[in-house]
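The values are calculated or read from the model by the stated rules, or taken from the named source; none is laboratory data. Just so we're clear, the structure is a prediction, and the values are computed from it rather than from any experiment. Cβ placement follows ideal geometry from the backbone for every residue including glycine, while neighbour counts extend to all protein chains displayed.
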Amino acid sequence: MNAVYVLLIRQLKRYSRSRARMLSALGQPLLFLLGLGFGFGPIFQRAGQGNYLQFLAPGVISMSILFTAVFTGIELIWDRQFGFLKETMVAPVPRIYIMAGRTLGGATVALFQGFVMTIFCLLAGFRITHLGSLAGALMFMVLIAVMFTALGTTLASVLSDFQAFQLVMNLLIMPLFFLSGALFPLDLVSSTMAIVAKLNPLTYGVDGVRGSLIGVWHFSAVHDAGVLAAIVAVLLALGTYLFSRIQL
């Protein structure tokens with residue numbers, strides 16, 4: 001386990017030096033928060049759905065975690081291209097420890113981004129209606145961070161080109177976000193959209209964070225947590241397997 005700790009600290013130090021990238025990762029979530037939150041707020045309220053900023057903020061928090069977590073896979077490709085990964089892989093520790101250290105490091109940074117975005121949401125006017133459920137919101141944020149960090153590592157294990165990775169990520173990230181219910185309620189959508197949303201893993205993360213912070217659930221806490229935990233387990237197992245088969 002010392003190897004996991006060393007790799008975790010190494011990943012955190014690396015991300016701490018990438019302040020520009022961390023700040024840029026907040027740009028798009030902030031744009032959605034301010035542009036949509038205040039732009040569509042009056043329309044949402046006139047439609048009888050209440051305060052749109054309250055509804056939107058949990059989705060934007062989840063979005064900031066998603067973006068940061070999934071793009072941690074670029075670090076793996078970078079290490080692979082420049083030989084740093086080879087130095088790590090020849091260490092006398094199981095590759096599962098290396099995978100765990102990288103995943104925990106990336107997830108920790110993504111979680112930090114989520115905290116920063118939460119502060120921005122509070123400054124914009126978002127209010128947490130259930131302070132006692134903050135622990136639940138934190139649990140869902142951790143699950144989102146680990147799930148998409150593992151996804152990024154899984155894809156980076158089979159892709160060795162920066163451009164290919166970015167194309168695949170751009171193809172996945174925006175549909176995952178837009179079809180998760182982060183921007184609109186799922187209660188009144190068509191049956192086709194409802195099925196698509198149920199197949200989207202981010203849907204359960206957004207619902208969990210929103211339900212914990214403002215008490216608005218589409219599913220339930222147990223259902224969301226169970227689905228996310230199952231997906232995390234599958235992605236971690238798949239990511240570990242593919243990572244162990246990387247050819248240096």
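Numbers below:
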{"quantity": "Qualifying helices (runs of 4 or more DSSP H) (wholly inside the range 36-122; at least 2 residues being small (Gly, Ala, Ser) and modelled with pLDDT of 85 or more)", "calculated": "52-70"}
{"quantity": "Filtered residues of the range 188-220 (kept if hydrophobic (A, V, I, L, M, F, W, C) and closer than 14 Å to PHE55 by Cα)", "calculated": "VAL206, VAL209, LEU213, ILE214, VAL216, TRP217"}
{"quantity": "Pairs where the first residue, in the range 123-151, is closer than 26 Å to ALA237 by Cβ and the second is not in a helix (DSSP H, G or I), C-beta under 7 Å, 6+ apart", "calculated": "THR149/THR72"}
{"quantity": "Qualifying residue in the range 18-32 (condition: modelled with pLDDT of 80 or more and loosely packed, with under 14 Cβ neighbours inside 10 Å)", "calculated": "yes"}
{"quantity": "Test: residue in the range 125-146 that is out of contact with any helix residue (DSSP H, G or I) (no Cβ under 6 Å at 6 or more places or on another chain), more than 30 Å from ASP79 (Cβ to Cβ) and not in a helix (DSSP H, G or I)", "calculated": "yes"}
{"quantity": "Complete set of residues in the range 209-223 that are in contact with a His (Cβ under 9 Å, 6 or more places away or on another chain) and either buried (at least 22 other Cβ atoms within 10 Å of the Cβ) or of a type in the set (Lys, Arg) (or both)", "calculated": "ARG210, GLY211, SER212, LEU213"}
